[in-house]
């Protein structure tokens, strides 16, 4: 079986892929695009490795007059960054697991045409995308009703579902899980849970990986929840640490009348950029973990083992 | 429709749940022998030794005032948003810092909205507190005849100062103390530009060509150099117009940096400059020197003016939903009248953060950097010890400065904007369209002023001016 | 009557019994939406109140005066209302189209190139901009466009051109903002397309290959038609946000420059500039509610049109 497929795939290979000339053109165009995407980040990284005095004097440059590790020394000297990293990691992992579970089950039921409440639940999940109670509404629910002030759950629970991801996932289920498959399983006497776990989940891995990635990004980038729900800097996730620095700089440089009392302690530009680099790298490193579910689509499809 | 009904049902359940949690709270602890615990929110970079100082403060105030407190320090960049949400959602807290320059947690708006406790009676009953603070502070903090906070006694006026680079002032022998107008300034800009080859005047995006004016609604208010009882747009005053025209001229001549509308105050570091400006107190020279990394001398650009907004530059309020109004006020009063407490809050612990070198002079110790807070988060400056290097009569100087400052005719009057909110929202937008470019000389002032005027009128500025004028007249009559 | 009621009841019970397993699967999600989305929604009603604090929030809400539609007036009182709505809609329409078309093309191309290592690298790299906050992006943009030392003007002056005062010239900004927006979000939608392509049924392609269809033909007649559900879904979702804009993009990236307001003012920046100094939650809720209602109406319309053509592809 395996062999047969392989030979079939190989013989069809010249149809299964673009011409070498198109390949070259596409590779180059994508290369340019990728270059444009990465240039600003490289600039940010270079700034983080420059001496803050040379930034003050000459502005940003791809070729700084003076390299320096001072920003990273400051960033790592304080144990805060490691603590923040730990919190971000815990929040992201727990949140992503809960979120994937909640959304995949919910979206799965939406994809089942025989489900009687499907229509209602569809609308039920679209409304929150359009109407939201805003910051005050959420604040009262999290703080007064759920009493989650200063709890790590206040940073996890409010973000674990999103209409967008549910709809993405629902569309995936509809595209990749044939109704006939479910019906035949049903006839074979499989329960809904068995169908969901044994048939649906394995078939929809790319979709799950997509929303898992979105959840990861959402949690990793979130800082507003921490700003609102955490007092006394008890839990400072990585992004929040960065936003704190940026907001402080922004605030103090536009409110000069505040009194100059504390501007001396402001993080320099190089330190802020170093935190950008430090907070972005973990996700970039984690990315390939999700990537293996998206890549290798069509062309290798025929020869995939 | 069905969906809407269902959604409404859920909302109703939610509201019921909310009401339940809200009612479930027990009444306040009435046992008077036990110390009452208070929470206090202050603004600023959270200090490493805050907990330590907090502990020492409690040790001192518990036997003396029978209260304890938790100080919550929230970072500059998030204080406004966090406290605004806290207030709008009706949370309980006891003491907090508010002031005129915050947005969501602004003193005037939140007092009007009901976020703060009315403390008029408490203050009236306490002659010690009332007498300790200059009456203009109290006037400025009064809204519709009521007091909602205790202003920190610091510099009473928000005056913009010329900040001069001392090295160049000495080199060219510039009589900086006599320079107030742009005309007086020009020859020196010219000379220094020619001889040093630098752009002499560093202007940043927040520069506003200060004139003696009390702005009450967007840029509308009272001109203290003209008819003091007539509401006018500051941008329509002759003095302001001539200033922006000169500013444009200076930009063209290369006296002022071309990128002024894009740079912030801190960008001054690393540049070569002769003069710049900032809002400050006459005693702040040393701090400016620290942050700008240059030795400086300063002189005020205008006479000092007291407005509501400048008098409430740092105010401590009591949350409207507090369970312990009396105790909160007791602590607030103590902070402003008990020198030992004020010094502890502002400077830290004696023998740890500072050591005493005389009766009322101190010297910083190395732990000082673990606890530096703006003193106006707490209260009365005049109870503070003198830091090393500060003049021993600094509070006398400040006191005199505050007494000499000209009071705006509208001090104590506050504009109720509820009838003209739409117009003000539109005017704020027009203002932000022209503010930076016009003030920094980045555009031709003639056309920009004309355009701005046209747009302001379209936004409804006349209605706002009339409303302001009529409210002011009424207030004036009843306050004769 | 009673009979009918009973019948309805048994019907309901029967339906429920039949659907119970699936209902249990969707229950955790339902609870989540009820608590975290629907419960906070009561705060929307503040838009119709002159909100004054008086005790806790609910009590304050009940005791505040009703305002009718007063709080909405400020949105239309500006002489620039037409300009603001034009900006918001035009930018969003352009963004919606480009954010679907460009990521789709990129996803298809990434899938085709021979070198898989390179393909993986491209994918990761295209995602990087998504991670830079708008504040950081605004620094980077400034580094390029700064009139005195910006890279762009440095290049211009190398060729003997006069430097361009970008932050004073509105005409460049529709282009700059669109570029930044697309650049920043390219990776996000691309992932959805990549995953969708990956999940497509391979047998169609095998059949097509047997027929000797070229790659382009396969893309045109298999991949794209099979991806339409995703395209339609993304479109409907995007339409719901047509009255909302990324505040950071329109406020921070142009450095809040007044000279650019004619091309950078959107509903969100107007609300921000107009309201921050007032701190009135009634007014700001009104702004948000208006954006929601417009989005809602457009989503219903778009969804209705889609439903007419293909029921299975509609969102609800």
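The values are calculated or read from the model by the stated rules, or taken from the named source; none is laboratory data. The shown structure was predicted, so the numbers you read here are calculated from the model rather than taken from an experiment. Counting neighbours? That spans all protein chains shown, and the Cβs are built from the backbone with ideal geometry, glycine included.
Contact annotation: no residue pair with Cβ atoms under 6 Å, 6 or more positions apart or on different chains, pairs a residue in segment C:17-32 that is more than 7 Å from chain A (Cβ to nearest Cβ) with a partner that is part of a helix (DSSP H, G or I). Kindly indicate whether any position in segment B:209-218 is crowded, with 19+ Cβ neighbours inside 10 Å, touching a residue at least 12 places away in the same chain (Cβ under 8 Å), farther than 30 Å from residue B:242 by Cβ and in contact with a strand residue (DSSP E or B) (Cβ under 9 Å, 6 or more places away or on another chain). There is no residue in segment B:209-218 that is crowded, with 19+ Cβ neighbours inside 10 Å, touching a residue at least 12 places away in the same chain (Cβ under 8 Å), farther than 30 Å from residue B:242 by Cβ and in contact with a strand residue (DSSP E or B) (Cβ under 9 Å, 6 or more places away or on another chain). The residue of segment C:49-65 that is nearest to residue C:271 (Cα to Cα), among those that are more than 7 Å from every other protein chain (Cβ to nearest Cβ) and either assigned to a loop (DSSP other than H, G, I, E, B) or modelled with pLDDT of 95 or more (or both), is C:51. Taken together, the criteria exclude residue C:176 from residues that are facing chain A (nearest Cβ under 9 Å) and closer than 28 Å to residue C:97 by Cβ.
Can you tell me which of A:235, A:166 is assigned to a helix (DSSP H, G or I) and either touching a helix residue (DSSP H, G or I) at 6+ places or on another chain (Cβ under 8 Å) or crowded, with 19+ Cβ neighbours inside 10 Å (or both)? Walk me through how you get there before you give the answer.
Values: A:235 fails: assigned to a helix (DSSP H, G or I).
Answer to the check: A:166.
Go through A:125, A:154 for me and flag whichever is in contact with a helix residue (DSSP H, G or I) (Cβ under 6 Å, 6 or more places away or on another chain), more than 8 Å from chain C (Cβ to nearest Cβ) and assigned to a helix (DSSP H, G or I). Of A:125, A:154, the one residue that is in contact with a helix residue (DSSP H, G or I) (Cβ under 6 Å, 6 or more places away or on another chain), more than 8 Å from chain C (Cβ to nearest Cβ) and assigned to a helix (DSSP H, G or I) is A:154.
Just checking, which of B:244, B:268 is in contact (Cβ under 8 Å) with a residue 12 or more places away in the chain, buried (at least 20 other Cβ atoms within 10 Å of the Cβ) and away from chain A (no Cβ under 14 Å)?
Going through B:244, B:268 in turn, just one is in contact (Cβ under 8 Å) with a residue 12 or more places away in the chain, buried (at least 20 other Cβ atoms within 10 Å of the Cβ) and away from chain A (no Cβ under 14 Å): B:244.
Taking segment C:153-172 as the range and being within 14 Å of chain B (Cβ to nearest Cβ), at pLDDT 90 or above and touching a helix residue (DSSP H, G or I) at 6+ places or on another chain (Cβ under 8 Å) as the test, the residues that pass are C:164, C:166, C:167, C:168, C:169, C:170. Looking at the structure I just gave you, is residue C:192 assigned to a helix (DSSP H, G or I) and buried (at least 22 other Cβ atoms within 10 Å of the Cβ)? Answer is yes for this residue.
Output the residues belonging to segment B:39-65 that are in contact with a strand residue (DSSP E or B) (Cβ under 7 Å, 6 or more places away or on another chain) and more than 10 Å from every other protein chain (Cβ to nearest Cβ). Steps first, answer last, please.
Initially, segment B:39-65 is screened for residues in contact with a strand residue (DSSP E or B) (Cβ under 7 Å, 6 or more places away or on another chain), giving B:39-44, B:46-47, B:50, B:54, B:57-58, B:61-62.
The answer is B:40, B:42, B:54, B:57, B:58, B:61, B:62.
Residues in segment A:103-121 that are touching a residue at least 12 places away in the same chain (Cβ under 8 Å) and buried (at least 19 other Cβ atoms within 10 Å of the Cβ): A:103, A:104, A:105, A:106, A:107, A:108, A:109, A:110, A:111, A:112, A:121.
Checking the condition at the interface with another protein chain (Cβ under 7 Å from one of its Cβ atoms) and touching a residue at least 60 places away in the same chain (Cβ under 8 Å), which residue from C:102, C:110 passes? Walk me through it before giving the result.
Values: C:102 fails: at the interface with another protein chain (Cβ under 7 Å from one of its Cβ atoms).
Matching residue, one of C:102, C:110: C:110.
Being surrounded by 15 or more Cβ atoms within 10 Å (Cβ to Cβ) and without any contact (Cβ under 8 Å) to a residue 12 or more places away in the chain is true of residue B:432.
The numbered conditions (1) touching a helix residue (DSSP H, G or I) at 6+ places or on another chain (Cβ under 8 Å); (2) under 30 Å from residue A:201 (Cα atoms); (3) not assigned by TED's automatic domain parsing to the domain that holds residue C:295 are all true for residue C:104 except (3). Exactly one residue out of A:75, A:100 is buried (at least 18 other Cβ atoms within 10 Å of the Cβ), more than 7 Å from chain C (Cβ to nearest Cβ), at pLDDT below 90 and part of a helix (DSSP H, G or I): that is A:75.
Could you check, for segment A:199-213, whether at least one of its residues is outside any helix (DSSP H, G or I), buried (at least 16 other Cβ atoms within 10 Å of the Cβ) and at pLDDT below 85?
Of the residues in segment A:199-213, the ones outside any helix (DSSP H, G or I) are A:204.
Add one more test, that the residue is buried (at least 16 other Cβ atoms within 10 Å of the Cβ), and what stays is A:204.
Still in the running and at pLDDT below 85: none.
Looking through segment A:199-213, none of the residues is outside any helix (DSSP H, G or I), buried (at least 16 other Cβ atoms within 10 Å of the Cβ) and at pLDDT below 85.
Every condition in (1) surrounded by 18 or more Cβ atoms within 10 Å (Cβ to Cβ); (2) within 8 Å of chain A (Cβ to nearest Cβ) is met by residue C:214 except one, and the failing one is (1). Which of (1) at the interface with another protein chain (Cβ under 9 Å from one of its Cβ atoms); (2) in a helix (DSSP H, G or I) is the odd one out, the single condition residue C:200 does not satisfy? Here residue C:200 clears every test but (2). Here residue B:342 clears all of (1) out of contact with any strand residue (DSSP E or B) (no Cβ under 9 Å at 6 or more places or on another chain); (2) without any contact (Cβ under 8 Å) to a residue 40 or more places away in the chain; (3) part of a helix (DSSP H, G or I) except the condition numbered (2).
Look at segment B:422-437 and say how many of its residues are more than 8 Å from every other protein chain (Cβ to nearest Cβ) and closer than 23 Å to residue B:203 by Cα. Give the derivation first.
Applying the first criterion (more than 8 Å from every other protein chain (Cβ to nearest Cβ)) to segment B:422-437 yields B:427, B:430-431.
Then keep just the ones that are closer than 23 Å to residue B:203 by Cα; that gives B:430-431.
Residues in segment B:422-437 being more than 8 Å from every other protein chain (Cβ to nearest Cβ) and closer than 23 Å to residue B:203 by Cα: 2 in total.
Which condition number does residue A:142 fail, the rest of (1) closer than 27 Å to residue C:47 by Cα; (2) more than 8 Å from chain C (Cβ to nearest Cβ); (3) surrounded by fewer than 21 Cβ atoms within 10 Å (Cβ to Cβ) being met? Of the numbered conditions (1) closer than 27 Å to residue C:47 by Cα; (2) more than 8 Å from chain C (Cβ to nearest Cβ); (3) surrounded by fewer than 21 Cβ atoms within 10 Å (Cβ to Cβ), the odd one out for residue A:142 is (3).
So is residue A:263 modelled with pLDDT under 85, surrounded by 19 or more Cβ atoms within 10 Å (Cβ to Cβ) and touching a strand residue (DSSP E or B) at 6+ places or on another chain (Cβ under 7 Å) or not?
No; evaluated as a whole, the condition is false for this residue.
Under 17 Å from residue B:310 (Cβ atoms), within 16 Å of the chain's Cα centre (by Cα) and assigned to a helix (DSSP H, G or I), is that true of residue B:138? For residue B:138, the condition - under 17 Å from residue B:310 (Cβ atoms), within 16 Å of the chain's Cα centre (by Cα) and assigned to a helix (DSSP H, G or I) - is met.
Give the residues of segment A:174-197 that are part of a helix (DSSP H, G or I) and touching a residue at least 12 places away in the same chain (Cβ under 8 Å), sorted by residue number. Walk me through it before giving the result.
In the first step, residues of segment A:174-197 are kept if they are part of a helix (DSSP H, G or I); the result is A:174-176, A:179-187, A:192-197.
Listed by number, the residues that qualify are A:174, A:176, A:179, A:181, A:182, A:185, A:195, A:196.
The residue that is farthest from residue B:314 (Cα to Cα), counting only those in segment B:66-93 that are facing chain A (nearest Cβ under 10 Å) and in a strand (DSSP E or B), is B:70.
Just need a number here: residues in segment A:17-58 that are within 14 Å of chain B (Cβ to nearest Cβ) and surrounded by fewer than 14 Cβ atoms within 10 Å (Cβ to Cβ).
Restricting attention to segment A:17-58, the residues satisfying the condition of being within 14 Å of chain B (Cβ to nearest Cβ) are A:50-58.
From what's left, surrounded by fewer than 14 Cβ atoms within 10 Å (Cβ to Cβ): A:57.
Residues that pass the stated criteria total 1.
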